[in-house]
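Student: My questions all concern the structure below.
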Amino acid sequence: MTNNENQTTYVLTEEQALDMLAFLASAAEISLHEPTYYGTFRLIDAASRLMGYLLESNPELAESFMPGWKQDIDTRKVWMMWDRPAYQQFLKEAPAVIAAEIKQRQEAAE
Amino acid sequence: MSEFSPEADAFFQTLKTRRVCRSYTDQPVADAQLRRITEAGRWASSGGNRHIHKFLIVRDAETIRRVRSVAPGMLVEPPAMIVILTDKEAAERECIQLDVDQINQGDVGTAAMNMQNMAHALGLGSCPVTSFSHSGVGVMLGLPDHLEAEWIIMIGHPKPTQRGLGTGAPKPLTARDLTWWDRVGHHDPV
């Protein structure tokens, strides 16, 4: 993590960044032929993977919202395979988690 | 008391208790176990006795990590994996037109199922993966042009996890749900 004026910058290693890019490009390719709703799974899984890399490279994030949110995503994303309504509800709720985090940070900075 | 032999009941129990496993311990998979699993794959049915597949065992953690980066269906990095490959040169020798052939994927599936059941019988967990970039996996594994990755079977010692079912989970399927007798829509009367 680095600090620039009022902004905190989190870092990824080159390997993590390349892995993330490879994952995103591969997910885009296989979305051409997989069931359409798999695309939602790839996106929420990408969020989990990105948090995994951030947590690996930025130990201070252990106290943030990320470990809990990543754990929640990893538990509930696989509902896509056996409980579609619960999975869809999870997706509808997921953005609120990060939205609340962003809002809280903005309010704290004001 | 079953009406079938103990061997048949034991075999059925192996089939019935196998589940896809997506969480593994760090314990390596023994080479002898991997050999036995690929032997089980070899004895799968092969349409027309064609045997146009190869099994690539991968144990190197760095290689597995690289493959996972282009395989979104690999939700974890397993201690080992077996990649089922189609040998396109062998297919050509057998006069198989892979672009329209309907047997190839069936043969890949039966080999994969044999291997997954064998892994389970050995106390291991496994998970088939088909969601991956074929071009990306080809590069990561250094595959020559005539070998095409079809399925990846992740293998390892299972780590217990909570499945965390939601409240709307459907009831488990039974064979009766899937089976009709003599005519469409006619379920087993028993």
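Student: Please give, to one decimal in nm, the separation of the simple spin-label points placed at residue A:104 and residue B:46, each 7 Å out from Cα toward the Cβ.
Tutor: Using points 7 Å along Cα→Cβ, the separation is 5.8 nm.
Student: What is the distance, in nm, between label points placed 7 Å from the Cα along the Cα-to-Cβ direction at residue A:82 and at residue B:1?
Tutor: 3.5 nm
Student: What list do you get for A:19, B:107 if you sort them by fewest beta carbons within 10 Å? If you can, show how the numbers build up before the last one.
Tutor: Details: A:19 19, B:107 22.
Listing A:19, B:107 from fewest to most nearby Cβ atoms yields A:19, B:107.
Student: Using label points projected 7 Å from each Cα along Cα→Cβ, tell me how many nm separate residue A:36 and residue B:54, to one decimal.
Tutor: 4.0 nm
Student: Please tell me which of these pairs span more than 28 angstrom C-alpha to C-alpha: A:103/B:159; A:77/B:16; A:77/B:171?
Tutor: Numbers: A:103/B:159 38 Å; A:77/B:16 25 Å; A:77/B:171 19 Å.
Distance filter (> 28 Å) returns A:103/B:159.
Student: Order these by the 10 Å Cβ neighbour count, fewest first: A:43, B:124. Let's see the in-between values first.
Tutor: Numbers: A:43 15, B:124 24.
Listing A:43, B:124 from fewest to most nearby Cβ atoms yields A:43, B:124.
Student: In whole Å, what are the extents of the protein assembly as shown along the principal axes defined by its C-alpha atoms, from largest to smallest?
Tutor: Each principal axis gives a Cα extent; for the protein assembly as shown these are 73, 51, 38 Å.
Student: Ignoring everything except DSSP H segments at least 4 long, calculate the 222 nm mean residue ellipticity for chain B; use -39,500 (n - 2.57) per segment, divide by total residues, nearest 500. Walk me through the numbers on the way to the answer.
Tutor: On the way: 7 runs with 69 residues, N = 190.
One gets -10500 deg cm²/dmol as the mean residue ellipticity at 222 nm.
Student: Mind sorting B:54, A:77, B:88 by how few other Cβ atoms lie within 10 Å of their own Cβ, fewest first? Walk me through the numbers before you get to the answer.
Tutor: Working: B:54 13, A:77 22, B:88 16.
With the fewest neighbours first, B:54, A:77, B:88 line up as B:54, B:88, A:77.
Student: Could you list the residues of segment A:53-70 with an amide nitrogen less than 20 Å from a label point located 7 Å from the Cα of residue A:14 in the Cα-to-C-beta direction?
Tutor: Only A:53-54, A:56-58 pass the distance filter.
Student: Also, I was wondering about something else. Between residue B:183 and residue A:89, what FRET efficiency follows from the Cβ-Cβ distance if R0 is 45 Å, with the result rounded to 0.05? Each step should come with its number before you reach the end.
Tutor: On the way: r = 40 Å, r/R0 = 0.88.
Computed FRET efficiency for residue B:183 and residue A:89: 0.70.
Student: Can you figure out the FRET efficiency of residue A:43 with residue B:98, using R₀ = 30 Å and their beta-carbon distance, to the nearest 0.05? Show your work: numbers first, answer last.
Tutor: Working: r = 32 Å, r/R0 = 1.07.
Once the sixth-power term is evaluated, E becomes 0.40.
Student: Using r as the Cβ-Cβ distance of residue B:65 and residue A:65, and R0 as 30 Å, what FRET efficiency do you calculate, to the nearest 0.05? Don't skip to the end; give the middle numbers.
Tutor: On the way: r = 27 Å, r/R0 = 0.89.
Result of the calculation: an efficiency of 0.65.
Student: Under 1.5 on a/c is rounded, so check that first for segment A:2-109, then, if it is not, pick prolate when a/b is larger than b/c and oblate when it is not; a ≥ b ≥ c are the square roots of the alpha carbon gyration tensor eigenvalues.
Tutor: Numbers: a/c = 2.25, a/b = 1.39, b/c = 1.62.
Oblate shape, in that a/c is at least 1.5 and b/c is the bigger or equal ratio.
Student: I'd like the mean, over residues of B:65-77, of how many other protein chain beta carbons sit within 10 Å of each residue's own Cβ.
Tutor: Numbers: counts 2, 4, 1, 5, 12, 8, 5, 16, 8, 1, 7, 1, 0.
Taking all residues of B:65-77 together, the mean is 5.
Read-outs: derived from the displayed coordinates by stated rules, not from any lab. This structure is a prediction, so every number in the text was calculated from the model and none was measured. As a convention, Cβ positions derive from the backbone with ideal geometry for all residues, glycine included, and neighbour counts pool all protein chains shown.
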